[in-house]
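Below: the structure, in structure tokens.
The values are calculated or read from the model by the stated rules, or taken from the named source; none is laboratory data. These numbers come from a predicted model, not from an experiment. Ideal geometry is used to build each Cβ from the backbone, glycine not excepted, and the neighbour counts take in all protein chains shown.
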Amino acid sequence: MNVYIENIAAHEGQEVTIRGWLHNRRSSGKIHFLTVRDGTGFIQAVMSKAGVSPETFQQADHLSQETSLVLTGTARADSRAPGGFELDVKSLEVVAPAHEYPLTPKEHGVDYLMDRRHLWIRTERQHAVLRVRHEVVNAIRDFFNSRGFILADTPIFTPSACEGTTTLFPVQYFDDTTAYLTQSGQLYNEANAMALGRVYCFGPTFRAEKSKTRRHLTEFWMVEPEMAYATLDDVMTLGEELVSYVVGRALERRARELNVLQRDTAKLERVRPPFPRVSYDEAARILKDKGLPFEWGGDLGGTDETVLSEQFDRPVAVYGYPSAIKAFYMKPDPNRPDVSLSVDVLAPEGYGEIIGGGQRIDDYDLLLQRIKEHNLPQEAFEWYLDLRRYGSVPHAGFGMGVERVVSWICGLEHVRETIPYPRMLYRLYP
Ligand code: 4AD
Ligand code: MG
């Protein structure tokens, strides 16, 4: 019977067939130990000279790494085995050879690995990271779907900027039009929220950011909820519930992968609501007290975010950023217009901003004024202004970047490992 490695525990003592690839091999004269992977996990297959035909035993002695093969044998429980099981091999069928596989178990440099990303994802660590990503994506969907949010997808080709004109990727759109790859679905999300109440979009977004940091990709996946009749406070509550739920799901369902990644899960266990909420003013004071050269009015840099988040044992929500450093659509605090009803959620352990959002301007005149101040082409925003012409209501939302969250949950050094094929400033291959 064909069995996937992750399900092998249900077949103890039975004869099973595993279809996969050879990950590693060692031999001790009378026994071959073959580590095999099938996409669902890794298992050690034990082939003893006495247990198979002489030809099979001989053939196994020459198998190279990543040879595709089908193994049949008995599933045997072994408490010392990483997955709790080993396979006592009875027969082997080679499907296709692998000649001089370029990734050996030895350490390779990052550039070497990135050039071979299509093969790098076969390793146990990368495999674990991508499975955690899968869990994070599903947890996000389950979270919103079970709370009455409607998935309403927003376009990827867009006529205008959402998050500033300096990070747009232009695309030739037929003969005489320039389209831009979306930076965020937010503006359309706002229209969708006015139609459907509570919505979310979830898809790839693009930033032509010339940032070469461990947190930046040029193509990343973002989930963006938007709610009609909602305020900054509602968004902070939703954000902490979402983050806690997603982390909880990873802990519950991907413990094995987090173990492969040697993640200190005690730090993740503490991620529960409520998150501390700190105003930008307070944040500026904390940073000054810590001796950082931070001045009120500036954006938080990577180091600032790290130092701030170190003050807390769980993610922290920083709200009320100066209006001048935030996007054109941010609603000013009515009591103090120089600050906006904005929030960023910073992950612990130096992982930085994972959520950015806030309450939107719902007043027509002010929105038009901001569009002009930001030198945005008014014609392209007429439809967006319509939302303030026809039954405008207070509304709010945010965006959470999948790769930043996965990077933090997995405890990685760089977001490039959290997506199968990362796109970065100097990386468009493979
Ligand atoms: O803070 P950002 O730019 O917010 C927006 O785009 C809003 N329009 C979202 C909204 O309110 N609907 O981006 C939101 C999140 C960040 O907190 C971060 O997690 C992620 O998207 N992000 C990136 N992730 C990887 N690489 C990049 N270059 C990223 N830029 C933003
Ligand atoms: Mg942001």
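I need a count of the residues in region 23-73 that are touching a residue at least 60 places away in the same chain (Cβ under 8 Å) and among the aliphatic types (A, V, I, L, M). Count: 0. Scanning region 178-198 for residues that are surrounded by fewer than 18 Cβ atoms within 10 Å (Cβ to Cβ) and among the hydroxyl-bearing types (Ser, Thr, Tyr) turns up just one, Thr178. A count restricted to region 131-155 and to residues that are over 13 Å from Ala250 (Cβ atoms) and not in a loop (DSSP other than H, G, I, E, B) stands at 5.
Residues in region 5-18 that are free of Cβ contacts under 8 Å to residues at least 60 places away in the same chain and either in a strand (DSSP E or B) or of a type in the set (A, V, I, L, M) (or both): 2 in all. With respect to Tyr280, determine if the residue is among the aromatic types (Phe, Trp, Tyr) and more than 23 Å from the chain's Cα centre (by Cα). It is true that Tyr280 is among the aromatic types (Phe, Trp, Tyr) and more than 23 Å from the chain's Cα centre (by Cα). Note on region 174-184: residues that are touching a Pro at 6+ places or on another chain (Cβ under 9 Å) and either touching a residue at least 40 places away in the same chain (Cβ under 8 Å) or more than 16 Å from ligand 2 (Cβ to nearest atom) (or both) amount to 5. What are the pairs, 6+ residues apart or on separate chains, where a residue within region 316-329 that is without any contact (Cβ under 8 Å) to a residue 24 or more places away in the chain has its Cβ under 8 Å from a residue that is part of a strand (DSSP E or B) and among the hydrophobic types (A, V, I, L, M, F, W, C)? Within 8 Å, the pairs are Ser323/Met330; Ser323/Val339.
Listed by first and then second residue, the pairs with beta-carbon distance under 6 Å, at least 6 apart or on different chains, first residue in region 393-404 and under 11 Å from Gly203 (Cα atoms) and more than 14 Å from ligand 2 (Cβ to nearest atom), second hydrophobic (A, V, I, L, M, F, W, C) and assigned to a strand (DSSP E or B), are Val402/Trp221.
Kindly indicate which of Asp313, Asp304, Asp344 is of a type in the set (Asp, Glu), within 30 Å of Ile371 (Cβ to Cβ) and away from ligand 2 (no atom under 12 Å from the Cβ).
Selected residue: Asp304, the only one of Asp313, Asp304, Asp344 that is of a type in the set (Asp, Glu), within 30 Å of Ile371 (Cβ to Cβ) and away from ligand 2 (no atom under 12 Å from the Cβ).
All of Ser323, Ser342 fail the test of being hydroxyl-bearing (Ser, Thr, Tyr) and within 13 Å of ligand 1 (Cβ to nearest atom), apart from Ser342.
Residues in region 160-173 that are away from ligand 2 (no atom under 16 Å from the Cβ), within 23 Å of Val223 (Cβ to Cβ) and either among the hydroxyl-bearing types (Ser, Thr, Tyr) or more than 23 Å from the chain's Cα centre (by Cα) (or both): Ser160 alone.
Pairs are defined by a Cβ separation below 8 Å, a sequence spacing of at least 6 or placement on different chains, a first member in region 214-234 that is away from ligand 1 (no atom under 12 Å from the Cβ) and part of a strand (DSSP E or B), and a second member that is of a type outside the set (A, V, I, L, M, F, W, C) and at pLDDT 95 or above; the pairs so defined are Ala228/Gly197; Ala228/Arg198; Ala228/His395.
Taken as a whole, the structure leaves Arg37 outside the set of residues that are within 35 Å of the chain's Cα centre (by Cα) and either more than 27 Å from Gln126 (Cα to Cα) or modelled with pLDDT under 95 (or both). Within this structure, Leu268 passes the test of being among the aliphatic types (A, V, I, L, M) and under 30 Å from Gly41 (Cα atoms). Across region 109-125, the number of residues qualifying as part of a loop (DSSP other than H, G, I, E, B) and among the hydrophobic types (A, V, I, L, M, F, W, C) comes to 1. Is at least one residue of region 167-174 crowded, with 22+ Cβ neighbours inside 10 Å and either in a loop (DSSP other than H, G, I, E, B) or not small (Gly, Ala, Ser) (or both)? Checked against the condition, which is being crowded, with 22+ Cβ neighbours inside 10 Å and either in a loop (DSSP other than H, G, I, E, B) or not small (Gly, Ala, Ser) (or both), region 167-174 yields no hits at all.
Within region 352-373, the residues that satisfy the criterion of being within 30 Å of Leu308 (Cα to Cα) and more than 14 Å from ligand 2 (Cβ to nearest atom) are Gln359, Arg360, Ile361.
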